[in-house]
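Structure first, then comments.
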Amino acid sequence: MPNRTWPVSYNAPFALSFALVCVAAYLLALATQGWSNRYIFSIGGDMSWSNPLTYARFFVHVLGHGSMQHLVLNMAVILLITPMLEEKYGSYRLLTVAAVTAVVTAVVKLLVFPGLLLGASGVAFAFIILSSFAKAKARTIPLTFILIAVLFLGNEIYLALQQRDDGASVARFAHIIGGIAGGFFGFKWLGSR
């Protein structure tokens, strides 16, 4: 009799690990009544440059989420798109995209916007744009990139210009920076395996 079990595989180490860490950060925020989001998993607010944790926050702010809806939406995009990207580019390259997106977003946020920023929306946008390069050949500009850039980034830029709410503006700029990072790495790795 043939074996009918289907073992579960950890098929996308970066995507799954990132999602699990985001869920753990969200549960910690619930357990600490938001303290961990405010002082660990966010950028801005009450940051002290003499505290070493401040520098870690440039990276880990993408792990925190303010609500279950915020977490689920970001993880849905990441878990849907990232396994394909991980197969093409590898876990290390995706970690690079996420880290660069996190740091650039943090720096721009601190220079331009008040308040706190947390969440993986910028990373999700980076992966959305990067996905348009998945089947592209070297020395070409994928039409999918142009369409996604116009639809997703164009919409975010339009809404950012129309909206005056600082909270929404901060999130929109994170999406825009993520999209730019995804496009940058897409062109950088164009045609690579």
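The values are calculated or read from the model by the stated rules, or taken from the named source; none is laboratory data. As the structure is a computational prediction, the values presented were derived from the model and not from experiment. Don't worry about glycine lacking a Cβ; one is built from the backbone with ideal geometry, like all the others, and counts go over all protein chains shown.
Quick notes
- Across segment 1-58, the number of residues qualifying as charged (D, E, K, R) and either in a helix (DSSP H, G or I) or in contact with an Asp or Glu (Cβ under 7 Å, 6 or more places away or on another chain) (or both) comes to 2.
- Segment 80-118: number of residues that are touching a His at 6+ places or on another chain (Cβ under 6 Å) and of a type in the set (Ser, Thr, Tyr): 0
- Out of VAL21, VAL72, VAL8, sole residue that is out of contact with any strand residue (DSSP E or B) (no Cβ under 9 Å at 6 or more places or on another chain), of a type in the set (A, V, I, L, M, F, W, C) and either modelled with pLDDT under 95 or crowded, with 21+ Cβ neighbours inside 10 Å (or both): VAL8
- The helices (runs of 4 or more DSSP H) found wholly in segment 83-193 and carrying at least 3 residues that are modelled with pLDDT of 90 or more occupy 91-112, 121-131, 166-188.
Residues are listed down the side, and each one gets a yes or a no for (1) surrounded by 15 or more Cβ atoms within 10 Å (Cβ to Cβ); (2) out of contact with any helix residue (DSSP H, G or I) (no Cβ under 8 Å at 6 or more places or on another chain):
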site: LEU63; (1), (2): yes, no
site: MET68; (1), (2): no, no
site: LEU80; (1), (2): no, yes
site: VAL100; (1), (2): yes, no
site: LYS109; (1), (2): yes, no
site: PHE113; (1), (2): yes, no
site: ALA120; (1), (2): yes, no
site: LEU130; (1), (2): yes, no
site: ALA138; (1), (2): no, yes
